[in-house]
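This report refers to the structure that appears directly beneath it.
What follows is calculated from the coordinates using simple rules that are stated; it is not laboratory data. Model, not experiment: these values are computed from the prediction. Neighbour counts run over all protein chains shown; Cβ positions are idealised from the backbone, glycine included.
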Amino acid sequence: MTLGNRILELRARSGLSQEDFGELFGATRQTVSRWELDLAIPEVQKIVQMARTFGVTTDSILADGISTFDSAFKRFVCGVYRKKDVVAVETERVAIVYRDCGETLCAELYGGSQENKSLCGFAEMDLAPKKVKYAYYDESGGVISNFDAGDILGRKFDRRQLDKMQRVETFLVSRGKNPLPTVPEAGFRTCLTKWRTGTRAYCRDGMIFACVYVGGIEYAFHMEAKNHENIYASIVANEAFELGNCVGKQFFRLRNFGDNTGDFAVSFSWINDSMKRVSLPSGENGIDFSDQDEFRELNGGQEKLERIKRYGADRITVSNYGDEMDYFRDDPDMIERFE
C-alpha cells in the first residue's frame, strides 16, 4: 500500500470529501488528489497533523505494510460545556466561549480545525457604563477594533479548560450524503429544525458571524463594526413549531446597539440557570402570514412566536421583530451539519 493509498483510506474512513480533507490541513482539493495518486508528497508537518487528527501513528501513514488503523479510529467529538459562569460550545470548525465575570460579560469566537483553533473575535461589555470593547479579523485578515487589541487575536484555543467543565451535550458532525427534506416532504417544523441544526459561519463585508444551533439552543457571535452599532453575542433557547419558531429565554446577551439606551441594547447573563427546552404551542392549524410577532406568558416569563411569512420548497421566511429571517435547505453559509 502506497502513501497515497493510506491518505485515501484516512479520508474515506472519516467520510470527508477531498475539499474538506484539504481544508483541515491547509491544502486544496487538487493537492489532496495529487497526494492520493502519489503524484506529490505532503510536507512532514502535514503528515504529523494527519496522525494527530485521526488518532493514528505517523509510522502507520508513512511505512508500507503497517495498517493505517493500528489504533482505534477516533472522530472528533463536539460538545457543550458549562462551569459556574462559563458556557462553551465547540465544534470541529469553531468554538464560542461566553463568560460572566460579574461586572463584565465576555464572548470569544475561535476558528480553525478540530484541535487547532485560534481567537478570531472578541467582545467584552462593561455593565456599569454599558461600554463594549471588541476586536475581530475581517475577511482580509485585518484587525477591526475599538481599542488596542494587542496580542489578543490569534491566541490558541486552550482545550484544557474544557477538562475542568461539565460536558452537558455531545454531538458529531454529520458525514452523511442524505439530502435534507423539502417543505412539501416533511413540513415546516421538521425543515426549520433540520435545516438549522449545524454551524453557520462567514466573514465578509466587514462582518464576522458564527451561529451554532444544537439541542434547541442557539449559540451566536456577531460583530459588525459599522458605527460601532452591532456587537452581539447570545445563547438563546428556540425551537421550531408548525407555524414558525418559538423563541424562548435568552441565557446570555451581550449587545452594543446605537447609544446603548434602547431595549435591544440590554445585556445580561443567566447562564447559571438550567437550559430548559422551549415549550411549544399546540393545537394550531393553517398558516399565519402576519408581520407581527406574538408574545405569550409562560412560567413567569415571555416567549415569542416568530410566524411564517412566506415559504417555498427550499426556503422559509419568518417574521423577526418586524424584520425577516430566511432559512434555506441548502444554506451556503452552513459549514457543518450535526448528527
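Per-residue Cβ neighbour counts within 10 Å put 207, 334 in the sequence 207, 334, beginning with the fewest. Look at the dipole of region 78-164 built from charges on Cβ: of 147, 107, 122, the Cα furthest out on the positive end belongs to 107.
The magnitude of the dipole of the chain, with charges of +1 and -1 set on the Cβ of Lys/Arg and Asp/Glu and taken from the Cα centre, is near 840 debye.
In the chain, a dipole from Cβ-located charges (positive for Lys and Arg, negative for Asp and Glu) runs towards its positive end, and of 246, 80, 327 it is 80 whose Cα lies farthest in that direction. Taking each DSSP H run with n ≥ 4 as -39500 (n - 2.57) and averaging over every residue of the chain yields -4500 deg cm²/dmol at 222 nm. A crude spin-label estimate for the pair residue 62 and residue 2, with each label 7 Å from Cα along the Cβ direction, gives 2.0 nm. Ordering of 267-280, 184-197 by packing is 184-197, 267-280, highest average first (other Cβ atoms within 10 Å, averaged per residue).
If you wrap the chain in the convex hull of its Cα atoms and look at it from every side, the mean projected area works out to 19.3 nm². Counting 0.36 nm for each residue step from residue 169 to residue 30 and taking away their Cα separation leaves a gain of 46.4 nm.
Stokes-Einstein diffusion coefficient for region 78-164 at 4 °C in a medium of 1.567 mPa s, Rh from the Kirkwood formula over Cα pairs: what value in µm²/s?
On the way: Rh = 13.6 Å.
Answer, rounded: 95 µm²/s.
Cβ-to-Cβ counts within 10 Å put 205, 326 in ascending order as 205, 326, the fewest first. Given Cα pairs under 8 Å that are at least 6 residues apart, what percent is the relative contact order of the chain? After rounding, I find 12 percent.
Look at where the Cα atoms of region 249-280 and of region 83-162 average out, and the two centres are 18 Å apart. Hey, what angle do you get for helix 3-14 against the long axis of the chain, alpha-carbon based, 0 to 90 degrees rounded to 10? Long axis of 3-14 versus the principal axis of the chain: about 30 degrees.
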